[in-house]
Each structure stands twice: as C-alpha cells, then as structure tokens.
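Chemist: Would you mind keeping the following structure in view while I ask a few things?
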Amino acid sequence: MTGVERRAQLLDVSRTLFAEKGFDNTSVEEIAARAGVSKPVVYEHFGGKEGVYAVVVDREIQALTGALTGALEGGGHPRALLERTTLALLSYIETSEAGFRILVRDSPVAQATGTFSSLIGDVATQVEHLLANEFRKRGLDARTAPIYAQMLVGMVALTGQWWLDARSPRKAEVAAHLVNLAWNGLEALERHPQLDKPPAP
C-alpha cells in the first residue's frame, strides 16, 4: 500500500472501532491488529489514538455540516427548507451510521471542529434567521426566534438519534411526521403564549 492508501485504511478501521466500542474502549493495538500493521505505523500516521480520532470526527462533522448547510441554502418556502433539512439529517444517519454513532457519543478528547451538540447549535443559528423573518411576516415576536430554532433543531436531532437504532418506520415516514409536528405547530403559534396555570412562585 502507498502511504495515502494506508492512511485511508487506518481511518476506515478506526472509524468502525470507534463506532462499535467508543473512544475509551478502543486501543491503538486494536486499530493496528485489525488493519494488519504494527502499532508504530498508526503512530507514524496519526501520532496516537487521539490523532486518528480527531481526523475521523473532523471528517464526519464536515460531511454532516455539508449536508445540512446544503439543505438550508437551497432556498424556497420555509416548509420545504424544513423537509429538506430533516431528510438531510436522516439520510446522513442512513448512509453514515458509524459516523453518526461516533458524533453523538461523548468523548474526553476536545475537538477543534466541535461536537455534535455544537454542530446542532450552529444549524439552529442558521434556522433562527429564517424563523425570525417568518415571525415578522406573521406579526409574531422575532426576538423569540432563537428559542423556537433550538426547539425545532433539537426535536429533529433527538428523533434522528432514536431512529438510528429503531430504523422503523421508513426514513420518509419519520421525516413526514417530524415535519407534520413542527410545521403545524409553527402554523398555529400564539402571539403571546402562556401556561394555563402559572407556576407557583
């Protein structure tokens, strides 16, 4: 193998192990053994387990960011944006199950590119601007858009985590139900929502 091919092989092997066992339970010895190389080869390419993990996470973050940003940048009616973004996340989970498992696991290794939660926060910030515009058009308080953006993106992300293991119903049906709840909820927003019974002081 060339150096480039060996590096790609080590990344594939490591990605599989991190998805199966998590960061803490994966060792350089296991990565090397599964790749059919000696430990020094792993150190030569990545400097250790933390190095290979950082590259794996960075690649997954870039793939998911690209999918979600692409869905949001397409423009169009807000419902169409919601549908595309929901399908983009579920499609990433469907085609990159190992990568998604790595992203949603907590790891002690700090990443320059962030974590799944910071990525979801970034997406919520993009959604926030879209919601603010819609709120203004409908006479709603645009200052509340950040709250609704967090709720909306969080709902889709947590449902995606559940669907990762459930895998039923089909992706399109899950997306349709998510959009149904989110869109029909947004359509009927009250201008001044209040709890039926205010909590006791």
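Chemist: Starting from 0.36 nm per residue, how many nanometres of slack lie between E187 and R6 once their C-alpha separation is accounted for?
Modeler: Stretched fully, the E187-R6 segment lengthens by 59.9 nm.
Chemist: Rounded if a/c is under 1.5, else prolate if a/b beats b/c, else oblate: with a ≥ b ≥ c from the C-alpha gyration tensor eigenvalues square-rooted, which is the stretch 1-119?
Modeler: Prolate, since a/c reaches 1.5 and a/b exceeds b/c.
Chemist: Another question, then. Looking at the calculated P(r) for the stretch 61-104, what percent of the C-alpha pair distances fall above 15 Å?
Modeler: Everything past 15 Å amounts to 39 percent.
Chemist: In nm, give the distance between the simple-model label positions of T144 and D58, each being 7 Å from the Cα along the Cα-to-Cβ direction.
Modeler: Between T144 and D58, the simple spin-label model gives 4.2 nm.
Chemist: So how far apart, in nm, are the two label points at S168 and N133 if each is 7 Å from Cα heading toward Cβ?
Modeler: Modelled inter-label distance: 4.1 nm.
Chemist: Just to confirm, what accessible area per residue do you get for the chain at 1.4 Å probe, in whole Å²?
Modeler: I get 56 Å² per residue for this part.
Chemist: Using only alpha-carbon positions, what ratio does the radius of gyration of the stretch 1-43 give when scaled by 2.2 N^0.38 Å?
Modeler: 1.07
Chemist: Oh, and also: Inverting the mean 1/r over all pairs of different Cα atoms, compute the Kirkwood radius of the chain and quote it in Å.
Modeler: For the chain, inverting the mean 1/r across all distinct Cα pairs yields 18.9 Å.
Chemist: In whole angstrom, note down how far apart the Cα centers of the stretch 146-201 and the stretch 23-64 are.
Modeler: Comparing the Cα centres of the stretch 146-201 and the stretch 23-64, I get a distance of 37 Å.
The values are calculated or read from the model by the stated rules, or taken from the named source; none is laboratory data. Because the structure is predicted, anything quoted here is derived from the model rather than measured. Quick reminder, even Gly has a Cβ in these numbers, built from the backbone with ideal geometry, and neighbours come from all protein chains shown. To get the accessible areas, we keep the full protein, side chains included, count just its heavy atoms, and leave off ligands, DNA and RNA. Shrake-Rupley method; radii C 1.70, N 1.55, O 1.52, S 1.80 Å.
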